[in-house]
Amino acid sequence: MLRGSTPVRASPATTTPARNVSRFKRPQAAFAAAAAQTEGRENTIKKSRASGRLNLSNQQLTTVPDTVFAAAEPEARSKAVDFSFDRSDDGASNWWEAVELLRLLLVDNALTTLDPRIGTFTSLAILDVRNNQLTSLPAELGALEQLAVLNVSGNQLTEFPDVLARLPIVDLNLANNNFETLSENVIGRLAKLQTLDVSGNALAELPGNLPPQLTTLNVAKNKLRDLGRVDLARLTLLSDLDVSDNVLTAVATNASKLPSLVRLDLRRNKLRGAFPGVELNLPACKELYVSFNALTSFTHGFIGSAAMLRTLDFCNNAITELPSEMMGLKELKRLDLSNNNVRTLPPELGLLEGIDVLLFAGNPLRGVPTGSTQRVLAMLRDKIVHGAAVSSTPSSAGTSRASTPGPGSGTLTPSAQESHTRTVELSQRGLTTLDAGMFDGLAFTPAALVLHHNRFDTFPTAGFTGAIAASLTTLVLSHNRLTALPTEAAVLLPNLCHLDLSCNALTQLPATAATPFPSLQELVISRNRLAGTTTITAENLAGFPRLESLIATACGLIAIDADAFLAVDTLRVLDLADNDIAAVPPRLGLCKGLKTLRLGGNRFRVPRREIVDRRCEAILAYLKDRIPT
């Protein structure tokens, strides 16, 4: 600036508006956003009076709005109601549409207390206040006489009110709080409790009187040293037990049987030596996880008692050899023994052709090829065949002989098998018929018969006579030309548990109560074009009174009959993926026994894919919430 010159000032007309915008624009925008959020919340509350469902999740609430309780308070109920049909519309629900509040969601807020007035919602069935900052629950919750689902996970609770013990709670989630103990006076008195999640707390022990009707128990991520106080024998309905991420040194102190347990998770504990150490019978178990412990072996007889295993994970232990009982796990799909001390893989492992995933890295193994699971299994099977060929001398008359008969051959001698596997492999032989005399030369009674990739166009009933009819538990007839299932009223295979009919030419399922397979637990009918069947009905399943698993992928189904599956109390696995299903009925959510539900690859748009890809429990809950009330 030149000395003596007068500074040039900007005119007020050009500066004042800019200063006003900078000072007031942002506060005004924030006020408008807050007002819009409040207006949206009030509209949601008004709509809930017609639907019975109120969702105020993720609203940054520190308290429950007073308007939530307005309709339930005595003074509001005593006000005169305008019953006219031509009254002005103020946005509130019509009097003829008003219903009691059944479901209240206050998830992901900043609540530090729960308003005691919540006890006025006496019809409330579902209350979800997870992920808040609650330190206690009001005693007024005891007035919720219809409460079936209570989720208070992700808070700071240390106690559970005694008054809740008299409520009909079916599903209770206390995960990720600060509980150090659970009151036996409360938990033991929840007479209808089926699902209990107390994971992510600081529990050192569990109550000894857990409700006997429990089906799901999650106690992961606590400080449990044992389950000694829990009477496992009482939990006959328990199907899912998660005790991972604790400090367990033992599972049970006495012999126990869990007849309904499907999934057992004991990962990342302090288990040592032989597992389980005591007699533990798991006849229905399909998933067992004991990885990241210090196990050296399996107690004799344990694996044999869990013949239904599909997933066996004992990686990162100190196991030195695979028990011979493992070779009888015909349902095994995934085996993870990585990072142990196993030096050899028994050749008989190759006979478990159902294995899709075999993991063994980190063991001192030699001579095992790298590559796919199927390549490793084939190598192990080759060792069996080679050993059988070497031992097949004239003096070894008692040994099963290997042969490769062509189509129409009158006599068959099954391939050499170890007698303890009790499996006869007759796949890819071009067979069109089956003669019971084919099995006369065996030194064992077959339990499993594999007949895939042959030319059967009718069910080979003639081959199932005599001893094999009673002993057979597994029958594989995939990749043939079968057009129908047998419909005879007489029992054909009384003890058959697993039947694979995938990749055939079935056009429909029999609609009959005839039970040729009264003990059948798993039926696989995938990749059959069921042209005469648009859906699977109750009549189609009437002949399988013990069915636990139905696999019907890529069958051309276009609809789901929920009542058909509700009628099968034993059903645990339902796979309807890759069909042409247009809609999923909400009533399917009532199938409480289901543990696995696959619906992907269909053309329906609801539920969304992110819902369908979740665990079975989440899918069922989603569907159940959409059942009209």
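Tabulated values for the structure
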{"item": "Three-way shape label, the stretch 122-162, alpha-carbon gyration tensor, a/c 1.5", "result": "oblate"}
{"item": "Inter-part distance where the stretch 418-482 and the stretch 303-318 are each reduced to a Cα centre, Å", "result": "28"}
{"item": "Phi to ³J(HN,Hα) by Karplus 6.51 cos²θ - 1.76 cosθ + 1.60 over the stretch 46-60, Hz, x for Gly, Pro", "result": "5, 5, 5, 6, 9, 9, x, 10, 10, 10, 10, 6, 6, 10, 6"}
{"item": "Extension gain, T320 back to A462 (0.36 nm per residue minus Cα-Cα distance, nm)", "result": "46.6 nm"}
{"item": "Charged-residue dipole, Cβ positions (Lys, Arg, Asp, Glu), the stretch 208-333 about Cα centre, Debye nearest 20", "result": "260"}
{"item": "Theoretical FRET efficiency, 1/(1+(r/R0)^6), r = Cβ-Cβ of Q428 and N58, R0 51 Å, to 0.05", "result": "0.30"}
{"item": "Vicinal HN-Hα couplings computed from phi for the stretch 501-507 (Karplus, 6.51 cos²θ - 1.76 cosθ + 1.60; Hz; Gly/Pro x)", "result": "10, 5, 6, 10, 10, 4, 9"}
{"item": "Shape of the stretch 143-204, Cα gyration tensor, a/c cut at 1.5", "result": "prolate"}
{"item": "Only Lys, Arg (+1) and Asp, Glu (-1) charged, at Cβ; the stretch 311-387 dipole about Cα centre in debye", "result": "240"}
{"item": "Long-range HN-HN contacts of A284 with modeled amide H, under 5 Å", "result": "L261"}
{"item": "Ranked list, fewest to most other Cβ atoms within 10 Å of each Cβ, for V606, V584", "result": "V606, V584"}
{"item": "The stretch 191-272: radius of gyration over Cα atoms, expressed as a fraction of 2.2 N^0.38 Å", "result": "0.99"}
{"item": "Residue-by-residue Karplus 3J(HN,Hα) for the stretch 103-110, coefficients 6.51, -1.76, 1.60, Hz, glycine and proline x", "result": "9, 10, 10, 10, 6, 6, 10, 10"}
{"item": "T487/F604 FRET efficiency (R0 35 Å; Cβ-Cβ; nearest 0.05)", "result": "0.65"}
{"item": "Shape category assigned to the stretch 272-391 from the gyration tensor of Cα positions, a/c cut at 1.5", "result": "prolate"}
{"item": "L352 long-range amide H proximity, modeled H, under 5 Å", "result": "none"}
{"item": "Computed label-point distance, nm, for sites K47 and T296 using a 7 Å Cα→Cβ extension", "result": "6.4"}
{"item": "Over the stretch 539-629: Kirkwood hydrodynamic radius from C-alpha pairwise inverse distances, Å", "result": "13.1"}
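Where a number appears in this text, it was derived from the coordinates with a stated rule and is not lab data. Only a predicted model underlies this, so the values are computations on that prediction, with no experimental measurement involved. Note: ideal-geometry Cβ built from the backbone for every residue, glycine included; neighbour counts use all protein chains shown.
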